[in-house]
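For reference, the structure discussed in these notes is given below.
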Amino acid sequence: MKANRDQITGVLIFALGIFVFFSIQGYKVPFTAAYPGPMALPGLAGIGFLICGAGIFIQGCKKKGEKAFLSLNGWKRLGISIAMLALYVLGLTYIGFWPSTVLCLYAFCTYYAQGYKTKIWQRILFSVVFTVVVFLVYEVLFGYSLPVGAFFE
């Protein structure tokens, strides 16, 4: 039996739900009706992932004769994008929000602009402006602190 796109997506989302449940087991605050604690929101998200993943998988079992999901080039682009996001997370950890976000956005803009005519200064401007907007929303509006980076602490 060959799995189709919905079956693969359903299994991945279901697995994400299981991962969420294992991840929140280390929380020491008890889950009570008076104070649900830090497990409540991720726990609800995990339940949602399990239900939606199972539903998508079941719907995928009913489909017959679906076209290929991604070509070989599409899978390569997806893999490169995931690797770039992993490097971004490492960048957030070690060099902080500002440099890693600007560099990641510039890298994504450059990578996905292949075949289009864009100027370097436009990609740089977009990366900087988007980073400033995210900073203003999270730090100023919401009051959250963004990562400084281990090298700058």
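Assign unit charges at the C-beta atoms only (+1 for Lys and Arg, -1 for Asp and Glu), then state the dipole size of the chain relative to its Cα centre in Debye, rounded to the nearest 20.
800
Could you tell me the largest-minus-smallest coordinate of the C-alpha atoms of region 106-153 on each of the three principal axes, in descending order and whole angstroms?
Its Cα atoms span 39, 26, 15 Å along the three principal axes.
Residue 56: net charge of surrounding residues, Cβ under 13 Å, Lys/Arg +1, Asp/Glu -1, itself excluded?
Net charge in that neighbourhood comes out at +2.
Can you give the Kirkwood hydrodynamic radius of the chain from its Cα pairs, in Å with one decimal?
19.1
Can you give me the distance in nm between label points at residue 120 and residue 93, each placed 7 Å from the Cα along the Cα-to-Cβ direction?
For residue 120 paired with residue 93, the spin-label model returns 3.1 nm.
Just to confirm a number: summing +1 for Lys and Arg and -1 for Asp and Glu over residues other than residue 70 whose beta-carbon lies under 11 angstrom from that of residue 70, what do you get?
After counting each charged neighbour, the total is +4.
What range in the chain is the longest one free of trypsin sites (Lys or Arg not before Pro) that are in a loop by DSSP and have at most 16 other Cβ atoms within 10 angstrom?
With a cap of 16 other Cβ atoms within 10 Å, the longest stretch comes to 68-116.
For region 4-153, build the charge dipole from Cβ charges (+1 Lys, Arg; -1 Asp, Glu) around the Cα centre, then report which of 118, 42, 74 sits farthest towards its positive end.
After comparing all options, I get 74.
Taking the Cα-to-Cβ direction at residue 18 and at residue 78 and moving 7 Å from each Cα, how far apart do the two end points lie in nm?
Placing both labels 7 Å beyond Cα along the Cβ direction yields 2.0 nm.
Could you bin all the Cα-Cα distances of region 72-152 into 10 Å bins starting at 0 and give me the percent of pairs in each, rounded to whole numbers?
18, 41, 32, 9, 0
Sort 48-58, 17-27 for me by packing, meaning the mean count of neighbouring Cβ atoms within 10 Å per residue, highest on top.
48-58, 17-27
Along the Cα-to-Cβ line of residue 107, 7 Å from the Cα, sits a label point; which residues in region 47-89 have backbone N less than 20 Å from it?
It comes to 74-89, nothing else.
Quickly estimate the mean residue ellipticity at 222 nm for the chain, helices only: each DSSP H run with n ≥ 4 gives -39500 (n - 2.57), and the total goes over all residues, rounded to 500.
Here the helix-only value at 222 nm equals -21500 deg cm²/dmol.
Read-outs throughout are calculated quantities, based only on the coordinates presented, and are distinct from any laboratory measurement. Bear in mind that the values here come from a model prediction, so they are computed numbers and not experimental data. Don't worry about glycine lacking a Cβ; one is built from the backbone with ideal geometry, like all the others, and counts go over all protein chains shown.
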